[in-house]
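Trainee: Pasting in a structure now, in structure tokens, and then I'll have a few things to ask.
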Amino acid sequence: MEYWHYMLCGMQTWETAFTQGVTLRLKSGFPLLNTELYKYKFVDIPLCPCGQAEESIHHLLIDCPHYTEARDRMVSKIECGYHNTQTAPYFYCINTKVLLGACTNLNSKMGSIVTEAVSSFLRDIPR
Ligand SMILES: [Zn+2]
């Protein structure tokens, strides 16, 4: 950790950025990931504990082999949601944008289903 580097560069900026990041994360229920911790020098490498990639939001939600079972449950809830809300098959999509609630093609009921599915995924994974 290079604390003094940040002191020299302006503690206020570093502290504000980090605090805002943590606050946003806690609000959204997302854990702090190694790519972010690495940015602030709290970890030495940005890799995911699986060792296959940087631990980014995309990797956590979509790719990481450590969370396959929890991800399968999340995907299955969302697929059921698409079916039950009669979402047009054209919009059936599960990607980072959808999972983070940034997809504007889904109605509010489907948005709630996605939020719930992602929240339970985050509760299920050991982070
Ligand atoms: Zn991983």
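Taken together, the values in this text are just the output of simple stated rules run on the coordinates, not laboratory data. All figures in this text were calculated on a predicted structure; none of them were measured in a lab.
Trainee: Residue separation times 0.36 nm, minus the C-alpha to C-alpha distance between Leu100 and Ser112: what's the value? Please list the in-between numbers first.
Mentor: Working: separation 12, 0.36 × 12 = 4.32 nm, distance 1.14 nm.
Once the chain is fully extended between Leu100 and Ser112, it gains 3.2 nm.
Trainee: Quick one: grab the alpha carbon gyration tensor of region 39-110, order the square roots of its eigenvalues as a ≥ b ≥ c, and give me rounded if a/c is under 1.5, else prolate or oblate depending on whether a/b is larger than b/c. Display every interim value, and only then the final one.
Mentor: Details: a/c = 3.63, a/b = 2.13, b/c = 1.70.
Taking the square roots of the gyration eigenvalues as a ≥ b ≥ c, region 39-110 is prolate.
Trainee: What list of ³J(HN,Hα) couplings, whole Hz, do you get for region 59-68 from phi and the Karplus terms 6.51, -1.76, 1.60, once you set θ to phi - 60° and write x for glycine and proline?
Mentor: Going residue by residue, I get 4, 4, 6, 10, 10, 4, x, 5, 10, 4 Hz, with x marking Gly and Pro.
Trainee: Residue separation times 0.36 nm, minus the C-alpha to C-alpha distance between Ser120 and Ala88: what's the value?
Mentor: Working: separation 32, 0.36 × 32 = 11.52 nm, distance 2.48 nm.
Stretched out fully, the Ser120 to Ala88 stretch lengthens by 9.0 nm.
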